[in-house]
Amino acid sequence: MYRYDAYDSQLVGERVAQFRDQVQRRLDGALSEDEFRPLRLLNGLYLQLHAYMLRVAIPYGTLSSEQMRMLAHIARRYDKGYGHFTTRQNIQFNWTKLEEAPDILTDLAKVEMHAIQTSGNTIRNTTADPFAGVAADEIEDPRITCEIIRQWSTLHPEFSFLPRKFKIAVTGAYEDRAAVRVHDIGLAMQRNEAGEVGFEVMVGGGQGRTPMIAKTIRDFLPKDQLLSYLEAILRVYNLAGRRDNKYKARIKILVHELGTEVFRDQVEAEWEQLRDAGPNLDSAEVERIAAFFDPPSYEPAETSGYNAKLFEDHAFSDWARTNVARHKQSGYAIVSVSLKPEGEAPGDATAEQMDAMAEFAERYSLGEIRVTHEQNLVLPYVRQSDLYALWQGLRTQGLSTANIGLISDIIACPGLDYCGLATTRSIPVAQRISRLFANLDRQHDIGELRLKISGCINACGHHHVGHIGILGVDRKGEEYYQITLGGRADENAAIGKIIGPAFSSDNVVDAIETLVNIYLEQRYDGERFVDTYERIGQSPFKEALYDAR
Amino acid sequence: MTQQAVTANLLGDGRVAFLTWDGDWSDNVADSHIATSDEESEWLLETAQRAVAAQVAVDPYLIEIDASSGSAWPVQRREQIRAAGPTGTINTLSDASVDGLKRVA
Ligand code: SF4
């Protein structure tokens, strides 16, 4: 894992001291709310429905056990004993106090964490494949790139007041587990014909009220040119992006209005000016950063005990089927830990669960944990021979739900239960769906089905790219839910299509069951929900939903 | 006119609060001072603005209130959730959330 150097520590330390002073001046009345609001947002502190919400950055979703323990401490000491892992691989604490915010940031700084640039029109936390460094299909660990971007973008003076927030995602693998095509910039590592490593550069993806799939503006960008190219993109956007209308201010609108070709030409022209004089790192610095992500020394494989348990224990083998992924090192496994137990709020974890995850990470995963954009956790370095013991430990903490990728592994934004911008609730809908499909045998029979729920058109719950997406809409004070089908966030990313009129809160869960039943009736062997949908189209689903009404 | 009350968040801890009869703040919507005329609503907001100036409250605004049951309760869902807290539960570590126990035989 990356460790702070003296610059990082100084920067974060000074920022905490500065914010402590700003908070004190706000509490004393020297700063008005209008003056203070942008300052607190620069430090990730929002005023939400019930209280101040602090969003803490988890760079590219990687946490040490020590950091996880600190998050547990913060949940316990400053919050109501839990935190919410987000679709940006961050964590939000929903019940913090302004008076205590500087102390929270001080505690975070002790474990090399902060909340800088988790809000505002800045470059936000760069997200990555949660299987980075261990995926079997990976070219190179994308976290090296993410860390380089983090250092470049942190307090970048030119990009601190962009037209709108800006999100970058990186994957080093063929399979896209980082949803790179729905980000402002998506970087997918590639090898060219000469075997050199670089990136396919995609720009202008995003969700919100105008969902778009990112356009490729460069098939191959040499790795060592990355920062100058990113700087060129950001410059074009910073100058030409709209500031007159916040709904048209994201880079996706600029790319759409200019057209991909024109946008690309402008970036390339800017890059010509920058590429030699720009901010590209020298190889020694890249190597220094890369060394933090060197693979660990793996031990010889021992798999016989694991294989025996798979035969002996049905519940364990079900869990292994969905929650254990292939590791690049034989004898090891990647374990996804579901934060979607039946009937609970997706992505929430209690302080006790966080402490337990820290303990499991130390015992079984070289002290490292990942946060996924699907609001789950990952233990990336588990020996196969330890899987059964780990699973038994997870069971004692309510962390062993065998549903990764299944219908109850729902992404849901906080919605109207917490969010000041929401129009409807998301969490109770997710909880009802989760309860309806609680039977794991049924879920496993249904197979992979990505269901995502947003409480308003801002689409933080990624509903546009759910195989089934649910968007909450307010109809004269009543909660209604619009369903989209056929979205995908993977390497074949697609925006889902609205199936028809929205459903009332009472009817939406039944509607989901109807859709699943149509899929079960119509599927061919081996087809997932989205495959069947793509083969048969909307009509059968639509007829089942609306004809009987 | 509909009945109204004033709500805000408290500056220091951010908690939801309702302006009371004595110009103080309560976390219980039932303690709200209910305005029954435009003038009274205006007066309530002015009182709240003084609390803003005194670094007690942030962003006060009027909400519609239904007091027909004898106790004040917000009309809008958003305000009901602010008054009562989130409607979903948090992870409870209940036995029911352990996968092995919830399998239907
Ligand atoms: S989608 Fe809307 S309701 Fe959900 S978190 Fe985002 S802004 Fe809030």
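Residue check: is B:G12 within 12 Å of chain A (Cβ to nearest Cβ) and closer than 21 Å to A:R40 by Cβ? For B:G12, the condition - within 12 Å of chain A (Cβ to nearest Cβ) and closer than 21 Å to A:R40 by Cβ - is met.
Looking across the range A:218-242, the residues that are surrounded by fewer than 23 Cβ atoms within 10 Å (Cβ to Cβ) and of a type in the set (A, V, I, L, M) come down to A:L221, A:L227, A:A232, A:L239, A:A240. Find the residue count for the range A:222-247, including only residues that are without any contact (Cβ under 8 Å) to a residue 24 or more places away in the chain and either in a helix (DSSP H, G or I) or in contact with a helix residue (DSSP H, G or I) (Cβ under 6 Å, 6 or more places away or on another chain) (or both). Of the residues in that region, 1 qualify. Looking across the range A:24-71, the residues that are at the interface with another protein chain (Cβ under 10 Å from one of its Cβ atoms) and either assigned to a helix (DSSP H, G or I) or aromatic (F, W, Y) (or both) come down to A:R26, A:L27, A:D28, A:E33, A:F36, A:R37, A:Y46, A:Y52. Tell me yes or no: at least one residue of the range A:410-426 is away from the ligand (no atom under 16 Å from the Cβ), closer than 28 Å to A:R143 by Cα and at pLDDT 95 or above. No.
The residue that is farthest from A:F437 (Cα to Cα), counting only those in the range A:338-357 that are surrounded by fewer than 22 Cβ atoms within 10 Å (Cβ to Cβ) and more than 8 Å from chain B (Cβ to nearest Cβ), is A:D355.
Would you mind finding the one in A:V236, A:V255, A:V267 that is assigned by TED's automatic domain parsing to the domain that holds A:E285 and in contact with an Asp or Glu (Cβ under 9 Å, 6 or more places away or on another chain)?
A:V236
Across the range A:409-437, the qualifying residues are those that are hydroxyl-bearing (S, T, Y) and crowded, with 24+ Cβ neighbours inside 10 Å, and the one among them that is farthest from A:N507 (Cα to Cα) is A:Y418.
Evaluate the range A:368-375: report whether one residue or more is more than 16 Å from the ligand (Cβ to nearest atom), modelled with pLDDT of 95 or more and surrounded by fewer than 24 Cβ atoms within 10 Å (Cβ to Cβ). So far as the range A:368-375 goes, yes, one or more of its residues are more than 16 Å from the ligand (Cβ to nearest atom), modelled with pLDDT of 95 or more and surrounded by fewer than 24 Cβ atoms within 10 Å (Cβ to Cβ).
Tally time: how many residues in the range A:438-471 are touching a His at 6+ places or on another chain (Cβ under 9 Å) and surrounded by 21 or more Cβ atoms within 10 Å (Cβ to Cβ)?
Result for the range A:438-471: 10.
Just one of the listed residues (A:N458, A:N439) is closer than 30 Å to A:G305 by Cβ and not acidic (D, E), namely A:N439. Can you tell me which residue is surrounded by the most Cβ atoms within 10 Å (Cβ to Cβ) among those in the range A:472-494 that are touching a residue at least 12 places away in the same chain (Cβ under 8 Å) and among the basic types (K, R)? Among those residues, the one meeting the criterion is A:R488. Residues in the range A:461-479 that are in a loop (DSSP other than H, G, I, E, B) and either among the small types (G, A, S) or out of contact with any strand residue (DSSP E or B) (no Cβ under 6 Å at 6 or more places or on another chain) (or both) were compared, and the one that is farthest from A:T424 (Cα to Cα) is A:H467. Kindly establish whether A:V465 is within 16 Å of the ligand (Cβ to nearest atom), of a type in the set (A, V, I, L, M) and over 18 Å from A:G343 (Cβ atoms). Spelling it out, A:V465 is indeed within 16 Å of the ligand (Cβ to nearest atom), of a type in the set (A, V, I, L, M) and over 18 Å from A:G343 (Cβ atoms). Within the set A:T127, A:T122, the sole residue that is within 28 Å of A:P163 (Cα to Cα), away from chain B (no Cβ under 14 Å) and crowded, with 23+ Cβ neighbours inside 10 Å turns out to be A:T127. Just one residue in the set A:D510, A:D531 is exposed (fewer than 14 other Cβ atoms within 10 Å of the Cβ), without any contact (Cβ under 8 Å) to a residue 24 or more places away in the chain and part of a helix (DSSP H, G or I); that residue is A:D510. The residues in the range A:505-539 that are in contact with a helix residue (DSSP H, G or I) (Cβ under 8 Å, 6 or more places away or on another chain) and basic (K, R) can be counted, and the count is 1. What about A:R20, is it more than 25 Å from the chain's Cα centre (by Cα) and facing chain B (nearest Cβ under 10 Å)? So A:R20 does not fit the description; no. Is one or more of the residues making up the range A:80-94 farther than 29 Å from A:G206 by Cβ, within 11 Å of another protein chain (Cβ to nearest Cβ), at pLDDT 95 or above and surrounded by fewer than 21 Cβ atoms within 10 Å (Cβ to Cβ)? Scanning the range A:80-94, I find at least one residue that is farther than 29 Å from A:G206 by Cβ, within 11 Å of another protein chain (Cβ to nearest Cβ), at pLDDT 95 or above and surrounded by fewer than 21 Cβ atoms within 10 Å (Cβ to Cβ), so the answer is yes.
Return the residues of the range A:285-328 that are surrounded by fewer than 18 Cβ atoms within 10 Å (Cβ to Cβ), within 14 Å of chain B (Cβ to nearest Cβ) and hydroxyl-bearing (S, T, Y); say none if nothing qualifies. Residue satisfying the conditions is A:S317 alone. In this entry, A:G500 is excluded by the filter for residues that are over 30 Å from A:D137 (Cα atoms), more than 14 Å from the ligand (Cβ to nearest atom), within 14 Å of chain B (Cβ to nearest Cβ) and surrounded by fewer than 24 Cβ atoms within 10 Å (Cβ to Cβ).
The values are calculated or read from the model by the stated rules, or taken from the named source; none is laboratory data. Bear in mind the structure is a predicted one, so any value in this text is a computation, not a measurement. Every residue, glycine among them, receives a Cβ derived from its backbone with ideal geometry; neighbour counts consider all protein chains shown.
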